1. Calculated from DSSP H runs of 4 or more alone, at -39500 (n - 2.57) each and per residue, what is the 222 nm mean residue ellipticity of chain B, nearest 500?
2. Can you compute the FRET efficiency between residue A:178 and residue B:210 using 1/(1 + (r/R0)^6), with r the Cβ-Cβ distance and R0 = 60 Å? Round to the nearest 0.05.
3. Taking the Cα-to-Cβ direction at residue A:92 and at residue A:14 and moving 7 Å from each Cα, how far apart do the two end points lie in nm?
4. Using a basic spin-label model with each label point 7 Å from the Cα along Cα→Cβ, how many nm lie between residue A:359 and residue A:129?
5. Under a Cβ-only charge scheme (Lys and Arg +1, Asp and Glu -1), can you give me the dipole magnitude of the stretch A:1-48 about the Cα centre, in debye to the nearest 20?
6. If amide H atoms are built 1.01 Å from N in the plane of the peptide, which residues on other chains or at least 5 residues away come under 5 Å of the amide H of residue B:151?
7. Show the residues, 5+ positions off or on another chain, whose built amide H is closer than 5 Å to the amide H of residue A:365.
8. Tabulate in residue order the Karplus-calculated ³J(HN,Hα) for the stretch A:72-79, using 6.51 cos²θ - 1.76 cosθ + 1.60 with θ = phi - 60°, rounded to whole Hz; enter x for Gly and Pro.
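Laboratory data are not the source of any read-out in this text; all were calculated from the coordinates shown. Please read these numbers as outputs of a predicted model, since none were measured by experiment. We place every Cβ from the backbone using ideal geometry, glycine too, and count neighbours over all the protein chains shown.
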Amino acid sequence: MTRVIVLDIPGWADRFDTEAESHRQFDPVIRAVENTVPLVRVLDAGRIAMGARGPARYYRDEEGAADALRRIDPNARIGIADGLFTAVLAARVANPVFIVPAGQSPAFVAPLSVSHLGDPDIADLLRRLGVSTLGGFAELDDVAVRDRFGFPGERLHRFARGLDDSPIVPRDIPVDYTCESVFEPAIVRADELAFATRATADDFIDRIARDRLACTALWVTLTTERGERFERCWAHPTVFGGADVVDRIRWQLESVARLTTDTSTEGFAGDGIVTVRLAPDQLAAQSRFERGMWGAPSSDRIHSVLSRVQSILGHEGVLTATIGGGRTLLEREIFSPWGDKPVVTHDVSKPWPGRMPNRVPTTVYRDGTVITVGATATIAPADILTEPPCWLELDGRRRGVAAWSGPWPIRERWWDGGQIRYRLQVVDTTGAAWVLLSTGTEWALEARYD
Amino acid sequence: MFELSALRERIREMEGPRVDPRLPVHPALSGLVGGGLVPGGVYSLSPSLTLALGLATEAVAESGWCAAIGFPHLGIEAVAECGIALDRFVSIPTPKEHWATVVGAVCDGFTVVIARSPASVPATTASRIAAVARRTGAVLIVLGDWPGATARLEVDGVRNLGIGDGHGLLTGRDIRVRAVTRGITTTAVLPWPFDREPEPAVAPVRHLRAVT
């Protein structure tokens, strides 16, 4: 059984505002590890895996190798065990080093929760079957597991029993699964690259799966217009799916990207990606039972439907939403494309004085449509209207005002001369209710209750 | 091949809606839609997002996914406030000319699909999308006209509560809803926020203004 070392820096991603930044800053750590151990495989930002045999020989034993790696980052935790899956768990419990002796994997993983399998659907199902630990899962009959959970479950079952699949070494890969996407014109943005490589990544995984194999580590090579090559080996604690491959491509671009002067688009300064090459590094044998026979969980179906819609409308065509911090309704809305992690810059739990506390409107305007209010309803210094609004004019149509309330000031950074905005609620004579925003004279539509 | 699928479709139509129980709906609207939403049904609404959310919220409260198609100005905080879990909600704001394809695709997997229809939906497109919904059991809520809808719901008037002439704050809205199913008209009052009791009906108050 292959001995594997995992270096885990807990909370790495939380140190940075964006995912891209976390990958960019992790790059030097990877290089430092590469100076200690020649071949490393990156799991994600904050976690690196490598074979233990070489380092253990070089540093006299596994403890010696762990000590050498610990010097790279003061917060690094080192887990060493048989196989990648167990080593990842060992690193998670390590403080700062945890070595699971050879052959002791089943005893080590047995008391751990099934949530460590990394598959929420299977973990959830197991809990409903009354199985909450990996030890309990390991005791289940392997034929029953295969029938009920299909290939992914069977693989996880092997992990739980401490039987990590020994991977086929690269030279034993019988067929060339390497594939390459060429882009003309070159791609600069990580999200565009992710979108453009999605089909290739799915195809790459499908071709491997058709030969009853599963990819557990792969090489991603990015080539820029100027011929620069960025190569990295990525590993997965269980097995790569198409979406996982796309994530690694995106992360790799983010980790090597330099900020351009335009902060809204992160990428190479005028130097885009022209080719993406995927090559398997480790393949594991897959049983004759494939995914799909046991009925994909519903979230998979949602994902495939939405990926299809994205292929029609573009990556930004399908959005998920979260609520962030902010004072106006628009500031609080955070939309991100399906498949991307939302970037929350403002903490929603802070008080945000001036925000609408509840009873928020169903329509929030994104384009600042100008609306004319009354004739001379401007705001006097005491935060009151000089005259009650008696009509609204929108799109050339005038509506009478039935009721109104406000204005409420929204003060932003008033201590360093930030702007003051005012909010007004107006009900017109048709019964439609509006929320207006103003900086003092002109009014714009913020929202509407419809 | 086409004939076979058309025949299957007809048999399914003759069998009526699936045996699946109706999906729960806000109690105020329950009487307008026969006790609950029919899986595979198409509900045509006058353009009120509050009404659409009132119809959708209960159906996806426990599980199931909800999509909003064609609402570039959707207020996401209002969606969450109504009780729809944002981690099971997606917005497709501008489907443009792919409207029919996108609505059809999303009906395959989502529990409730809220869509703003283009100016007019051809009857062939409508029946194609309705067939997808019937096959998958999705509930399609369309803001706009829909040929052959399961039910048609219209906003018949709104009472805005809590806001006065220069004072107060909008604390609630009572939305009078009229449903037309097979020529029979029924009405109900949907309170917003949805957990409120509607105010007892009173004669409309006329606002008096000083005349100079």
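1. On the way: 6 runs with 54 residues, N = 212.
Mean residue ellipticity, 222 nm, calculated: -7000 deg cm²/dmol.
2. Values: r = 83 Å, r/R0 = 1.39.
With R0 = 60 Å, the Cβ-Cβ based efficiency is 0.10.
3. If labels sit at residue A:92 and residue A:14, their model points lie 1.5 nm apart.
4. Placing both labels 7 Å along Cα→Cβ, they lie 5.2 nm apart.
5. Details: 6 positive and 8 negative charges, 62 e Å.
Roughly 300 debye for the stretch A:1-48.
6. Residues meeting the amide H criterion: B:42, B:44.
7. When sequence neighbours closer than 5 places are left aside, the close amide H contacts are A:447, A:448.
8. Residue by residue, the stretch A:72-79 yields 6, 9, x, 8, 5, 10, 10, x Hz.
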